[in-house]
Amino acid sequence: MNGIHDMGGMHGMGAIEHEDREPVFHAPWEARVLALNLAMGAWHKWNIDATRHAIELIPASEYLRMSYYERWIARLVSLSLQAGLVSRAEVESGSPDAGSAKRSPALAPSAVQPMLGRGAPANRDVAVAASFKAGDKVRARNIHPIGHTRLPRYARGRLGTIARDHGVYVFPDSRAHFLGENPQHLYSVRFAARELWGEAASPRDSTYLDLWDDYLERA
Amino acid sequence: MATRDREQRHGTGEDHGHDHAQQEVPSDIALRVKALESLLIEKGLVDPAALDAIIDMYEHKVGPRNGARVVARAWSDPAYKKRLMADASAAIAEFGYTGRQGEHMVVVENTPRLHNLVVCTLCSCYPWTVLGLPPVWYKSAPYRSRAVIDPRGVLRELGLELGEDVEVRVWDSTSEMRYLVLPERPAGSEGMDEAALAELVTRDAMIGVAKLTLGKRGDRP
């Protein structure tokens with residue numbers, strides 16, 4: 001979707017504010033929000049692409065007003081509602097609905113390290129033909145899907161070169177909507193800075209994006 | 001109001017500009033999070049001890065010291081560096097740094113002629129296993145919006161001026177591949193062992209927004 005999250009190349013966002021000796025969390029509640037998101041993910045009711053899309057669905061004016069972890073609260077609530085893990089009334093009242101069943105088992109403390117150490121690899125060991133190989137000239141498709149995509153607007157329609165084939169990976173545009181993994185080749189694609197940003201950019205510079213087969217066409 | 005001020009204000013529950021004031025009254029947001037956590041505990045959906053374990057992991061165990069050890073070994077051991085550049089995930093796993101937000105690693109090497117910079121314009125993708133959780137500025141709109149259109153300006157703003165003869169490559173983390181910059185080894189570090197070298201390596205240099213020098217921490221960590 002052409003949302004505010006897709007902000008590569010925008011102006012007007014202000015100066016970069018680098019904080020010296022920045023703490024991992026700026027308040028205890030931020031740490032709880034991070035942990036709640038990770039622990040709730042262990043129910044496997046959603047996937048990483050769905051979590052990203054849930055943040056993209058926050059209205060643009062809200063997205064810009066919220067801090068990072070506030071977005072994570074909004075996302076956790078929306079995903080939990082969507083998955084039926086909580087009800088709207090429960091979120092509003094803060095108490096379980098009368099007669100609602102207690103779930104089990106929640107992620108145990110002893111399962112935390114194994115879960116985080118394992119992660120959730122996105123590569124898939126399936127035979128899928130690659131449409132491109134290193135050195136091929138490609139054009140990023142000029143597409144504007146209303147759902148989740150990892151093809152930023154600034155690259156759409158632009159010419160690039162395949163730098164490397166990473167192999168076969170889950171396609172976020174499908175998985176974010178629980179439409180299956182649709183695994184396909186993922187490539188590192190080099191775009192010259194001048195192709196993306198015009199003659200004012202340095203002739204030496206470039207940006208590399210990781211793009212799936214379905215985002216690309218032969219140029 | 002600048003982004004970080006806003007983050008900090010929310011972060012501390014402090015609305016009146018006293019940056020380091022001790023929080024006495026919990027902010028609305030802290031109360032809201034508390035209520036949500038209580039609900040999820042009551043429903044059996046989370047175990048608070050597991051939440052504590054997750055927080056402990058990212059506050060104390062996983063952070064940029066991991067990446068610094070990887071970099072120091074790459075500087076010290078040519079065979080390791082070769083493995084790291086060929087298959088970063090496997091070479092980093094030799095240290096036991098595996099898992100969430102580091103499942104698929106790529107290392108890009110800075111040289112006097114080539115400078116690599118990492119961003120995630122679409123969200124906040126960052127190599128947690130080697131750098132920990134991302135700093136606020138990395139997740140902020142100013143960095144995400146400008147790193148691709150004006151990388152040299154961004155670097156200048158962060159204190160790093162690059163010559164026109166240096167090539168700049170920006171890595172926009174649009175997939176599950178996670179990028180770690182292998183910074184240039186600072187001049188004068190020739191006699192140092194791996195442990196001492198790791199002390200020189202900063203988070204910012206491994207994102208690609210700083211260079212390393214002896215005696216001056218590039219990133220004010």
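A short reminder: the numbers here are calculations on the coordinates, not readings from a lab. Keep in mind that this is a model prediction, so the values were computed, not measured. Here the Cβ is made from the backbone with ideal geometry for all residues, glycine too, and neighbour counts use every protein chain on show.
Structure notes:
- Take every pair of alpha-carbon atoms less than 8 Å apart whose residues are at least six positions apart; their mean separation over the length of chain A yields a relative contact order of 20 percent.
- Between B:V166, B:F95, B:V119, the Cα set farthest toward the positive side of the dipole of chain B (charges on each charged residue's Cβ, about the Cα centre) is that of B:V166.
- Fraction of beta bridges assigned by DSSP in the stretch B:84-221 that are antiparallel (%, nearest 5): 15 percent
- Over the protein assembly as shown: helical MRE at 222 nm, DSSP H runs n ≥ 4 each giving -39500 (n - 2.57), nearest 500: -10500 deg cm²/dmol
- Peptide B:54-64 has a mean of 5 when you count, residue by residue, the C-beta atoms of other protein chains within 10 Å of its C-beta.
- Loop-located trypsin sites (Lys or Arg not before Pro) across the stretch A:1-72 with a Cβ neighbour count of 14 or fewer within 10 Å are A:R21, with loop assigned by DSSP.
- Packing, as the average of other Cβ atoms within 10 Å across residues, places the peptides B:123-133, A:93-103, A:151-161 in the order B:123-133, A:151-161, A:93-103, highest first.
- The C-alpha atoms of chain A define a longest principal axis, and helix A:68-82 lies at about 70 degrees to it.
- Note that the protein assembly as shown shows a convex hull volume over its alpha carbon atoms of 150 Å³ per residue.
- Since only B:A196, B:V107, B:V136 are under comparison, the one whose Cα sits farthest along the positive direction of the charge dipole of chain B, derived from C-beta charges on Lys, Arg, Asp and Glu, is B:V107.
- The mean count of C-beta atoms from other chains within 10 Å of the C-beta of residues in B:146-158, rounded to a whole number, is 5.
- Counting only Cβ charges, +1 for Lys and Arg and -1 for Asp and Glu, the dipole size of the stretch A:137-218 around its Cα centre is about 240 debye.
- Counting 0.36 nm for each residue step from A:E22 to A:S61 and taking away their Cα separation leaves a gain of 11.4 nm.
- Our summary of shape: the Cα atoms of the stretch A:7-93 have principal axis extents of 41, 28, 26 Å, ordered from largest down, in whole angstrom.
- Computed about the Cα centre, the dipole magnitude for the protein assembly as shown is approximately 880 debye when only Lys and Arg (+1) and Asp and Glu (-1) carry charge, each at its Cβ.
- Cysteines without a disulfide-compatible partner [the protein assembly as shown; Cβ-Cβ under 4.7 Å]: B:C123
- Evaluated with a Cβ-only charge set (Lys, Arg +1; Asp, Glu -1), the stretch A:28-118 carries a dipole of roughly 240 debye about its Cα centre, given to the nearest 20.
- With loop membership from DSSP and a limit of 14 other Cβ atoms within 10 Å, the longest segment of chain B without GluC sites (Glu not before Pro) is B:25-93.
- Contact order for chain B, expressed relative to its length and based on alpha carbon pairs under 8 Å spaced 6+ residues apart, stands at 21 percent.
- Charge dipole (the protein assembly as shown, unit charges on Cβ, about Cα centre) - positive-most of A:M1, B:A50, A:S61: A:M1
- Overall shape of the stretch B:63-207 was characterised from the C-alpha gyration tensor. The equivalent ellipsoid obtained from it has semi-axes of 23, 19, 13 Å, in decreasing order.
- Each DSSP beta bridge with both residues in the protein assembly as shown is either parallel or antiparallel, and the antiparallel ones are about 60%.
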